[in-house]
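Asker: Quick one: the structure is below, and I'll ask about it shortly.
The values are calculated or read from the model by the stated rules, or taken from the named source; none is laboratory data. None of the values given here were measured: they were computed from a predicted structure. With ideal geometry, Cβ positions are generated from the backbone for all residues, glycine too; neighbour counts draw on all protein chains shown. The protein model used for the area step is the full one, side chains on, heavy atoms only, and it has no ligands, DNA or RNA in it. Shrake-Rupley method; radii C 1.70, N 1.55, O 1.52, S 1.80 Å.
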Amino acid sequence: MKNFLKSNISQESLAILLTQAPVALSMLMGNDFVIQVANPQILELWGKPADIIGLRLIEALPELKGQKFIEILTEVKKTGNPYKGYKELAYIVRNGKTEEVYFDFIYTAIYNDEKTEILGVSVVATEVTEQVLSEKKLADTEYKFENLIKEADYSIALYKGEDLIIDIANDKMLDTWGKTKAVIGKKINEAIPELEGQPFLQILKDVYQTGKTYYATEDKVVLESNGKLETFYYNFSYKPIRNSNGEVYAILNFAVNVTDLVLAKKKIEENEQKYRQLADTLPTIIWTADAEGKINYYNKKWYEYTGFEGVDSRENAASKILHPDDLPRATEIWSESKKNRSSYEIEYQFKDRTREGFYKWFLGRAIPIKDSDGNVTQWIGTCTDIDEFKQFQQQKDSFLGIASHELKTPLTSLKLYSQFLEKNLRRQNDDKNADVAQKMDDQINKLTSLVNDLLDVTKIQNGKILLNTSEFNFDELVTEIVDEQQMSTTQKIHLEAETIGTVSGDRNRISQVMSNLINNAIKYSPDSDKVLITTKLNENNNVVFCVKDYGIGIPENKKDKVFEQYYRVSGSKEHTFPGLGLGLYISSEIIKRSGGKIFVNSVEGHGSEFCFEIPKTKNPI
Ligand code: ADP
């Protein structure tokens, strides 16, 4: 001050200095700290008008009561030691509102000229509220960011500078590396020396240089785990981080360990490979299709047989390979299967590419694979070459046709001779031998019936079983058959018949079916003493004829098979019953051709009920 005064600096200049200085200034005089000088900056900082000048500090800023500043001022005034406040918090009332403000300040003692006495304290202050608050905010964000990284489910690390110094690495990343926190602050190549020789360090350098993010999916990485090197698989990214000038200064590394997933996938691939190889060695054609039935795989056999290339669509393949006669049937069975999500089985002919114009028989099968909700996930199909078997079957059928035809003539003669013999013996009163001749005739009848069955089968196969439709009295036929059958059995045949009246159909063939069902009922119920026959007309004007027995019955899973050619249920008892397994096959063909249906209800061990249903008047097909 003294120097100022001595230099004769004008009051005005001092006033300018005071008002223009970019800091807040004040002089607080005496023990009560009377505000002698306060520049506009400090008035603004205090949020007070100029008329506070001349007041005691505590009067001007009563809010300072209870805060530390008066105490500090007193101390400075007493000791002469200056006090520096750094980012100090003060509560100041500005515009009637208490505000939280921060400022840097210096309190310095003001001496008298002689420097013998302290007259007051000068205050130089700068408000730093904004800076402090943004620092706090930043610290908060950093804290959150660090926590985020720490808690993340991913392995995260940040490499800084061209030397790629590990700046951040969360616990997961340290686990990944098999390292401790000690690696933080080290160069990555020194911290994880096993990365040397692997591509990652070079990739990191490239990312740093090019500024382009690098993404990797299921990349193999060899890392130390429990003291030994192990292979892992990671999905990861190296993302360049730029400063405000746009220059790369760090790389952020995100990584997820997908080792389990990759290993499981590899296992599946290996299995798939194994099954493909297996499928390729099989002599059967195998295909698979997606849920919609779109074919996505054929085994080697398909390509060998067809000579096709690539994965043909089902429609394409079918039209190229199938016999034109089989195509509509095959198309239909597939669309039915698809609709009902059920398996199918079909015999059809595939073009033989080795012989122009020839076809080979195949057995086609497909099954839908379903998930736990019953939705189809895929289809698996096979086509098995059954050509030889078919040819053999055809040979056998034609042999049976010829044989039964050839047997028929001598049998007819034999029957005539046996009847002639019996008659003669009876005439000679040789009843004993006549009985033998009659037994012979019974056996010839059985033989004839077997031969007839075989002939019928051949006829069915050649489509030659023709029905002679006429109108006949159904009730009479039933009674006739029942009486006839009753003569050859000790079991009681009960008849519960509704009056049906006239029916149009092949009387002979229908009587054959009735006899066959009654015969079976008697044959397969040796321990029972009755068979029940019912007839009725149902609501669709169909005639229903049923034969119920109380015999051995049929297992549930064999019920539908009994109508197949040569099929005989092979249980412990069945072999004791004679038969060829043709009767029901022939019966079902006759009924089908009569426009009706044949079916069975049975409980194994309790008996069966075989029924057929035919239209009363409808013309047979
Ligand atoms: P089979 O000459 O063997 O009797 P069928 O075609 O008439 O030939 O019958 C086929 C098979 O169905 C028989 O072998 C038998 O296993 C079974 N079957 C037929 N009818 C009956 C029945 N009433 N009770 C039990 N099983 C029967």
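Residues checked against (1) open to solvent by 10 Å² or more (accessible area, probe 1.4 Å); (2) over 17 Å from ALA255 (Cα atoms); (3) in the same structural domain as PRO22 (by TED's automatic domain parsing):
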{"position": "THR116", "(1), (2), (3)": "yes, yes, yes"}
{"position": "GLY120", "(1), (2), (3)": "no, yes, yes"}
{"position": "LEU138", "(1), (2), (3)": "yes, yes, no"}
{"position": "ASP153", "(1), (2), (3)": "yes, no, no"}
{"position": "GLY161", "(1), (2), (3)": "yes, yes, no"}
{"position": "ILE165", "(1), (2), (3)": "yes, yes, no"}
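Asker: Evaluate region 423-439: report whether one residue or more is in contact (Cβ under 8 Å) with a residue 24 or more places away in the chain and either in contact with a Pro (Cβ under 8 Å, 6 or more places away or on another chain) or not in a helix (DSSP H, G or I) (or both).
Answerer: From region 423-439, those in contact (Cβ under 8 Å) with a residue 24 or more places away in the chain are none; that's our starting set.
There is no residue in region 423-439 that is in contact (Cβ under 8 Å) with a residue 24 or more places away in the chain and either in contact with a Pro (Cβ under 8 Å, 6 or more places away or on another chain) or not in a helix (DSSP H, G or I) (or both).
Asker: If THR281 satisfies all but one of (1) in contact with a helix residue (DSSP H, G or I) (Cβ under 9 Å, 6 or more places away or on another chain); (2) open to solvent by less than 50 Å² (accessible area, probe 1.4 Å), what's the number of the condition it fails?
Answerer: Among (1) in contact with a helix residue (DSSP H, G or I) (Cβ under 9 Å, 6 or more places away or on another chain); (2) open to solvent by less than 50 Å² (accessible area, probe 1.4 Å), THR281 violates only (2).
Asker: With the checklist (1) out of contact with any strand residue (DSSP E or B) (no Cβ under 6 Å at 6 or more places or on another chain); (2) of a type in the set (D, E, K, R); (3) open to solvent by 30 Å² or more (accessible area, probe 1.4 Å) in hand, flag the one item ASP506 doesn't pass.
Answerer: With respect to (1) out of contact with any strand residue (DSSP E or B) (no Cβ under 6 Å at 6 or more places or on another chain); (2) of a type in the set (D, E, K, R); (3) open to solvent by 30 Å² or more (accessible area, probe 1.4 Å), ASP506 is out only on (3).
Asker: Which numbered condition trips up THR126, out of (1) in contact with an Asp or Glu (Cβ under 6 Å, 6 or more places away or on another chain); (2) hydroxyl-bearing (Ser, Thr, Tyr); (3) free of Cβ contacts under 8 Å to residues at least 12 places away in the same chain?
Answerer: Result: THR126 fails condition (3) only.
Asker: Return the pair list, or none, for Cβ contacts closer than 8 Å from residues in region 312-327 that are within 14 Å of GLN349 (Cβ to Cβ) and open to solvent by 80 Å² or more (accessible area, probe 1.4 Å) to residues that are assigned to a loop (DSSP other than H, G, I, E, B) and modelled with pLDDT under 95, at least 6 apart or on different chains.
Answerer: What qualifies is LYS320/PHE308; LYS320/ASP312.
Asker: Within region 45-61, can you find the residues that are surrounded by 15 or more Cβ atoms within 10 Å (Cβ to Cβ) and either at pLDDT 95 or above or on the phi < 0 side of the Ramachandran plot (or both)? Explain how you work it out, then say what you get.
Answerer: To start, the set of residues in region 45-61 that are surrounded by 15 or more Cβ atoms within 10 Å (Cβ to Cβ) comprises 45-48, 52-53, 55-57, 60-61.
Passing the criteria: LEU45, TRP46, LYS48, ILE52, ILE53, LEU55, ARG56, LEU57, ALA60, LEU61.
Asker: So, of the residues in region 476-498 that are among the hydrophobic types (A, V, I, L, M, F, W, C) and part of a helix (DSSP H, G or I), which turns out to be modelled with the lowest pLDDT? Steps first, please.
Answerer: Pass one, region 476-498, residues among the hydrophobic types (A, V, I, L, M, F, W, C): 477-478, 481-482, 487, 493, 495, 497.
From what is left, the residues that are part of a helix (DSSP H, G or I) are 477-478, 481-482, 487.
Values: LEU477: 97, VAL478: 97, ILE481: 96, VAL482: 96, MET487: 91.
Within region 476-498, the match that is modelled with the lowest pLDDT is MET487.
Asker: What do you reckon, is LYS523 near the ligand (Cβ under 8 Å from one of its atoms), within 23 Å of LEU477 (Cα to Cα) and among the basic types (Lys, Arg)? Before you say what the answer is, go through the steps one by one.
Answerer: Working: near the ligand (Cβ under 8 Å from one of its atoms): yes; within 23 Å of LEU477 (Cα to Cα): yes; among the basic types (Lys, Arg): yes.
So LYS523 passes the test.
Asker: Mind checking which pairs have a first residue in region 16-43 that is among the charged types (D, E, K, R) and surrounded by fewer than 20 Cβ atoms within 10 Å (Cβ to Cβ) and a second that is modelled with pLDDT of 90 or more and not in a helix (DSSP H, G or I), Cβ under 8 Å, 6 or more apart or different chains?
Answerer: ASP32/ARG56
Table: residues versus (1) among the aliphatic types (A, V, I, L, M); (2) touching a Lys or Arg at 6+ places or on another chain (Cβ under 9 Å); (3) not assigned by TED's automatic domain parsing to the domain that holds VAL513.
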site	(1), (2), (3)
LEU537	yes, yes, no
ASN542	no, yes, no
ASP549	no, yes, no
GLY553	no, no, no
ASN557	no, no, no
VAL562	yes, yes, no
TYR585	no, no, no
VAL600	yes, yes, no
HIS606	no, no, no
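Asker: For region 326-357, which positions are touching a Leu at 6+ places or on another chain (Cβ under 8 Å) and among the polar types (S, T, N, Q)? Spell out the reasoning first.
Answerer: Within region 326-357, the subset touching a Leu at 6+ places or on another chain (Cβ under 8 Å) is 330, 345-351.
GLN349 - this is the single residue of region 326-357 that is touching a Leu at 6+ places or on another chain (Cβ under 8 Å) and among the polar types (S, T, N, Q).
Asker: A further question on this structure: When the residues of region 537-588 are filtered to those that are part of a strand (DSSP E or B) and more than 8 Å from the ligand (Cβ to nearest atom), which remaining residue is surrounded by the most Cβ atoms within 10 Å (Cβ to Cβ)?
Answerer: So in region 537-588, the residues part of a strand (DSSP E or B) come out as 537, 542-549.
Narrowing the set further to residues that are more than 8 Å from the ligand (Cβ to nearest atom) leaves 537, 542-546, 548.
Numbers: LEU537: 16, ASN542: 18, VAL543: 23, VAL544: 17, PHE545: 26, CYS546: 19, LYS548: 21.
Looking at the filtered set, the residue picked out is PHE545.
Asker: Check region 255-274 and report whether any residue there is open to solvent by less than 100 Å² (accessible area, probe 1.4 Å), over 35 Å from the mean Cα position of the chain (by Cα) and in the same structural domain as LYS179 (by TED's automatic domain parsing).
Answerer: no
Asker: Under 6 Å between Cβ atoms, which residue pairs at least 6 apart in sequence (or on different chains) link something in region 516-539 that is within 17 Å of ASP483 (Cβ to Cβ) with a partner that is of a type in the set (Phe, Trp, Tyr) and near the ligand (Cβ under 10 Å from one of its atoms)?
Answerer: Once the first residue is within 17 Å of ASP483 (Cβ to Cβ) and sits in region 516-539, its partners that are of a type in the set (Phe, Trp, Tyr) and near the ligand (Cβ under 10 Å from one of its atoms) give LEU517/PHE610.
Asker: So how many residues does region 522-568 have that are among the charged types (D, E, K, R) and modelled with pLDDT under 90? Step through it out loud before you land on a result.
Answerer: Restricting attention to region 522-568, the residues satisfying the condition of being among the charged types (D, E, K, R) are 523, 527, 529-530, 536, 539, 548-549, 556, 558-561, 564, 568.
This time we only want the ones that are modelled with pLDDT under 90, so: 560, 568.
Selection size over region 522-568: 2.
Asker: Also, I was wondering about something else. Counting only residues that are assigned to a strand (DSSP E or B) and of a type outside the set (S, T, N, Q), how many does region 88-144 have?
Answerer: Quick first cut of region 88-144, residues assigned to a strand (DSSP E or B) only: 88-94, 97-111, 118-127.
Within this subset, residues satisfying the condition of being of a type outside the set (S, T, N, Q) are 88-94, 97, 99-107, 109-111, 118-121, 123-125, 127.
Looking only at that region, the number is 28.
Asker: How many residues, within region 180-203, are closer than 16 Å to SER225 by Cα and either touching a residue at least 24 places away in the same chain (Cβ under 8 Å) or not charged (D, E, K, R) (or both)?
Answerer: Of the residues in region 180-203, 7 are closer than 16 Å to SER225 by Cα and either touching a residue at least 24 places away in the same chain (Cβ under 8 Å) or not charged (D, E, K, R) (or both).
Asker: Regarding region 489-502, can at least one residue be identified that is without any contact (Cβ under 8 Å) to a residue 24 or more places away in the chain and open to solvent by 20 Å² or more (accessible area, probe 1.4 Å)? Outline the logic, then answer.
Answerer: Here is the first cut: in region 489-502, the residues without any contact (Cβ under 8 Å) to a residue 24 or more places away in the chain are none.
Within region 489-502 (the criterion being without any contact (Cβ under 8 Å) to a residue 24 or more places away in the chain and open to solvent by 20 Å² or more (accessible area, probe 1.4 Å)), the answer is no, since none of the residues qualifies.
Asker: Counting just the residues of region 453-478 that are without any contact (Cβ under 8 Å) to a residue 12 or more places away in the chain and under 30 Å from GLN394 (Cβ atoms), which one comes out nearest to the chain's Cα centre (by Cα)?
Answerer: Among them, the one singled out is GLY463.
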